[in-house]
Amino acid sequence: MANYRNIHMSFWTDAKVVDDFTTEDRYMYLWCLTNPHTNLCGCYEVSIKQMANETGHSPEMAERILKRLEEAHQVLKYDKVTKELLLMNWSRHNWSASEKLNKPLLETIQKVKSDEFRLYLAGCYNDRNGVVQVDIPTAQPPKEKPAVVRHQRGEHGYVTLSDAEFARLQKDIGDQELSRCIAYIDESAKISGNKNKWKDWNMVIRKCNREGWGMGRQPRAQVPSKSEAALGNLQALHKQYAEEGA
């Protein structure tokens with residue numbers, strides 16, 4: 001892509017520019033046509049802050065002029081979400097019907113993030129004389145998340161954990177406690193046919209550790225039998241009489 005831009009001299013005598021554009025409008029529009037962010041398709045990414053820095057305007061002034069160029073003069077559009085600027089008449093002055101332009105132009109259009117802008121440029125591309133009509137996707141395909149691989153743990157293989165989950169559990173509760181919890185949960189699931197319908201084994205192991213599953217219960221307090229209670233009462237009375245006779 002050439003590192004220069006051609007601006008026709010009629011820019012300065014165009015009735016729309018002369019009659020409707022303020023000095024700030026002309027300067028900003030000229031920057032939009034010639035700045036180093038421009039590309040082959042006439043739609044490029046640039047932030048308001050970059051516009052302000054490169055034109056010498058404040059961000060507020062740059063945004064205000066940009067809005068005027070978009071709404072009042074309708075020579076460009078700006079997408080605040082993708083931070084892309086689209087020059088509406090770029091294709092008219094910078095594209096040709098040359099076959100050599102087809103591939104690089106199409107590649108540049110397909111990189112545009114804004115669905116609206118990409119659809120507009122696809123129409124401009126297909127309107128070029130002598131080009132093969134193409135369908136350009138109007139939405140970027142979502143990136144598929146890599147599948148999480150989980151490995152069976154324990155003797156019976158009920159407990160499944162990814163390597164990342166296993167490593168984090170080792171760090172959080174220690175190797176010995178992790179092995180104990182896996183063995184207990186795996187055995188419990190085997191015996192019951194996983195009647196608890198456990199699925200998130202990472203959370204089940206953490207609950208096992210937190211609540212002490214399989215650690216055994218504290219022995220219950222022994223309740224004395226009736227004979228032991230009677231003997232205790234007699235011994236207490238005997239002690240009381242002995243103290244009173246002393």
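Throughout, read-outs are computed from the coordinates displayed, never taken from laboratory work. Nothing here was measured: the structure is a model prediction, and the numbers come from that model. Cβ placement follows ideal geometry from the backbone for every residue including glycine, while neighbour counts extend to all protein chains displayed.
Using only Cα atoms, what is the ratio of the radius of gyration of the range 9-127 to 2.2 N^0.38 Å?
Taking the Cα Rg and dividing by 2.2 N^0.38 Å, one obtains 1.07.
Peptides 7-16, 117-126, 149-158: what's the order by average Cβ count within 10 Å, highest mean first? Provide the component values of the computation, followed by the final result.
Numbers: 7-16: 9.8, 117-126: 18.3, 149-158: 14.9.
Packing order, densest peptide first, comes out as 117-126, 149-158, 7-16.
For Asn194, what is the net charge nearby, where nearby means another residue's Cβ is under 12 Å from its Cβ and Lys, Arg count +1, Asp, Glu -1?
Around Asn194, the surrounding residues sum to +2.
Multiply the residue gap between Glu24 and His93 by 0.36 nm, knock off their C-alpha separation, and tell me the result in nm, one decimal place.
That pair, Glu24 and His93, stretches by 22.6 nm at full extension.
Using the structure shown, select from Lys16/Lys80; Lys16/Lys83; Lys77/Lys100; Lys171/Lys207; Lys49/Lys83 the pairs with a Cα to Cα distance greater than 18 angstrom.
Listed pairs above 18 Å: Lys16/Lys80; Lys16/Lys83; Lys77/Lys100.
How big is D, in µm² s⁻¹, for the range 150-211 by Stokes-Einstein at 25 °C and 0.890 mPa s if Rh is the Kirkwood radius over C-alpha pairs?
After rounding, the answer is 215 µm²/s.
Packing-wise, with mean Cβ within 10 Å as the measure, how do 172-184, 36-48 rank, highest first?
Values: 172-184: 15.8, 36-48: 18.3.
Ranking, from highest mean packing down: 36-48, 172-184.
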